[in-house]
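Read the figures in this text as sums done on the coordinates, not as results from a lab. From a predicted model like this one, the values you see are computed outputs, not experimental measurements. Note that we place each Cβ from the backbone using ideal geometry, even for glycine, and neighbour counts take in every protein chain shown.
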Amino acid sequence: MLKLADIKKTYKIGPTEMEVLKGVNLEIAQGELLSIMGQSGCGKSTLMNIIGLLDKPTSGSYFIEGREVSYTDDDALSDIRNRKVGFVFQQYNLLPKLTALDNVGRPLIYRGEDEDSIKQKAIEFLTKVDMHERARHRPSELSGGQQQRVAIARALVGKPAIILADEPTGALDTRVGQEIMNLFKRLNQEEGITVVIITHDLNIAKQCERFVIMKDGVLLDK
Amino acid sequence: MTLKSHIKAAARSLYAAKQRTILALIGITIGIGSVIAMVSIGTIVSEEALKQFKEMGTDILTVRKDYRFEGGDFQKADVPIQLNDALNIPAYCPAVLAVAPYVKVEAEISYTGKKISGSSALGVTQSFSNLNKFGIESGRFISDLDKYGHFCVIGNSIYQKMKELGASSIIGAKIKLGESIFTIAGVLKKTSGGGLMRQFEPNESAYIHITTVMRLKGNAEISTITAQTKPDSSPRSAQKQIKEYFKKTKTPNVRVVTAEELIENMQKQMRLFTLLLGAIGSISLIVGGVGIMNIMLVSVSERRKEIGISRALGARRKDIQSEFLFESVILSLVGGAIGIVIGVLLSFIVSYFSKWEFMVSYMAIFLGVFVSSAVGIFFGFYPARQASMLDPIVALRSE
């Protein structure tokens, strides 16, 4: 469903060029639970930004559902990001002024959906992550684990092709982190949602049905 | 993003930064308020000046000696208008119904030995009252039977001052005008003046027959002749006839101005005046606009993370740009609305204390709404564009 073919990314810092991704090949099938593991500085974040369409590769091809997406214009990229990718960040990244409900509904606002249907869907997905009772709370009134659940609901609400989680348990203690991991596993098994988890934690990586290791800008399949 | 969600998001952000919002509002309110106040006051003043013309009618012309020496013949141009030439205008110009020449004299007026300050004397004919639409409070106006006689009619302010000095019966009372004694024959009603048509102070003047002035003061000159057009003739033809007529007299160069021309001239000046006032007000509007821009720029740099998150969730550049643009437009429209109220209120206070007739200038309100939204778009565009051009990765990483 997702296919990266020989993706290279080079940054220019002054006169010197730094190749962060040196030809990444990766295929992710529908319904997979995959983790990408690696030390910091190995190019994980760059790869995630490219998969999440926040960044463009220097060369190579990237297909989502058979469609080449890596070189489309900014507006089209925003639209694909909105419809096909759901982000979960290490620091949750909820909008502090909005309630949990409004945070979850946010991606749908950019699709121009009407308020009632947005609200209905937001409640539906808050219920899926067991946060419907906190729908009216703002992020500052929620614990880290609760915020991450809301963030997961936000990533799911637009029915994306893939959930992209960048160190989703990095800011949580082991117990709460495991709860979040269990939630991902449950969503993957029960709803068939494709999840990619980027982590440096081997314990997290091992819980996924498939995990790849990134080293010096290339992927080593295990 | 729908319009409703845009407005909602903008209102929410403005509400979250209350203090900053209020400060920006104050700036734009003062800006719009001063433009509205200035333009309104300008309009009120012009209308006030125009009122006089409407009162006197548009069939009035003024004739004066032309001080522009065409042909360079200084001596010839310096001959004053002769009284007989002035009085003969209706006989030679068929379009003219009546004329009223007058002479201004600087003379001290005193009653029972006490000076009445700020007054002057005017040498007039019987027709003067009619042409200037004077009303008589008591007694009568100067008549042509008063030729060389020592009778005078006083303006309303002189009358009031004499009463303050203890005069009980005014008609028949004697006042001293320069070196001569005059008997009061009548009192005028309060009359507005000081404009372009009545170029004298009608309430502060004592009116005596023009022949009396000519005899007492040898060097007195006819300053202006007021002429009235016949109802079936046009002021333009009267103007032409008067000009032709004076070519045969000792004063061949005269300026004849119709009321229409005067009004046109005055309106031109008033427009300029209003424009000037508006320009002065605009300076504070620009300052207010820069205030909005400043606050929007701060808001953009403070919300970089939020912009990054929104972009990751699928917001297009356009969405981010319009979100910020909506904020600045809402800010300036609300400021504009308050400014309009303050501006109108201010012009009401000014016209109340100046005793002008207050009116709301709809042009000014339209201008206020238009200008404030323009200010919002203009000064909000740059910050909004900066926000939309942020790299989502960099924005996400910022704190």
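Structure data summary
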quantity: Condition check for A:L33: within 24 Å of A:A151 (Cα to Cα) and either crowded, with 16+ Cβ neighbours inside 10 Å or not small (G, A, S) (or both); calculated: yes
quantity: Selection from the stretch B:230-243 of residues that are in a helix (DSSP H, G or I) and touching a residue at least 40 places away in the same chain (Cβ under 8 Å); calculated: B:P235, B:S237, B:A238, B:Q239, B:Q241, B:I242
quantity: Tally, over the stretch A:8-60, of residues that are more than 24 Å from A:I193 (Cα to Cα), among the aliphatic types (A, V, I, L, M) and touching a residue at least 60 places away in the same chain (Cβ under 8 Å); calculated: 2
quantity: Single residue of the stretch A:104-143 satisfying the filter (within 12 Å of chain B (Cβ to nearest Cβ) and closer than 20 Å to A:L187 by Cα) that is surrounded by the fewest Cβ atoms within 10 Å (Cβ to Cβ); calculated: A:G105
quantity: Filter result (away from every other protein chain (no Cβ under 11 Å) and charged (D, E, K, R)) within the stretch A:94-103; calculated: none
quantity: Of all residues making up the stretch A:1-52, the number that are in a loop (DSSP other than H, G, I, E, B) and among the hydroxyl-bearing types (S, T, Y); calculated: 1
quantity: Qualifying residues in the stretch A:68-91 (those that are at the interface with chain B (Cβ under 10 Å from one of its Cβ atoms) and aromatic (F, W, Y)) - the one farthest from the chain's Cα centre (by Cα); calculated: A:F89
quantity: Residue in the stretch B:203-210 that is surrounded by fewer than 17 Cβ atoms within 10 Å (Cβ to Cβ) and not small (G, A, S) present; calculated: no
quantity: Residue list for the stretch B:88-126, restricted to those being closer than 18 Å to B:D146 by Cβ and among the aromatic types (F, W, Y); calculated: B:Y102
quantity: Scan of the stretch B:282-313 for residues that are farther than 23 Å from A:Q90 by Cβ and within 14 Å of chain A (Cβ to nearest Cβ), ordered by number; calculated: B:S299
quantity: Only listed residue being closer than 25 Å to B:S13 by Cβ, of a type in the set (A, V, I, L, M) and surrounded by fewer than 21 Cβ atoms within 10 Å (Cβ to Cβ), chosen from A:L95, A:L54, A:L26; calculated: A:L95
quantity: Selected residue [part of a helix (DSSP H, G or I) and more than 14 Å from B:T21 (Cβ to Cβ)] from B:V334, B:V329, B:V300; calculated: B:V300
quantity: Filter result for the condition that a residue is in contact (Cβ under 8 Å) with a residue 12 or more places away in the chain and in contact with a helix residue (DSSP H, G or I) (Cβ under 6 Å, 6 or more places away or on another chain), over A:L172, A:L202, A:L187, A:L183; calculated: A:L172
quantity: Subset of the stretch B:46-60 (residues that are buried (at least 19 other Cβ atoms within 10 Å of the Cβ) and under 15 Å from B:M363 (Cα atoms)); calculated: none
quantity: The stretch B:1-40: number of residues that are crowded, with 17+ Cβ neighbours inside 10 Å and not in a helix (DSSP H, G or I); calculated: 2
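Residue-by-condition table, conditions (1) among the hydrophobic types (A, V, I, L, M, F, W, C); (2) out of contact with any strand residue (DSSP E or B) (no Cβ under 7 Å at 6 or more places or on another chain); (3) surrounded by fewer than 22 Cβ atoms within 10 Å (Cβ to Cβ):
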| site | (1), (2), (3) |
| --- | --- |
| B:L285 | yes, yes, no |
| B:G288 | no, yes, no |
| B:I295 | yes, yes, no |
| B:V298 | yes, yes, yes |
| B:K318 | no, yes, yes |
| B:F324 | yes, yes, no |
| B:E327 | no, yes, no |
| B:I330 | yes, yes, yes |
| B:L333 | yes, yes, yes |
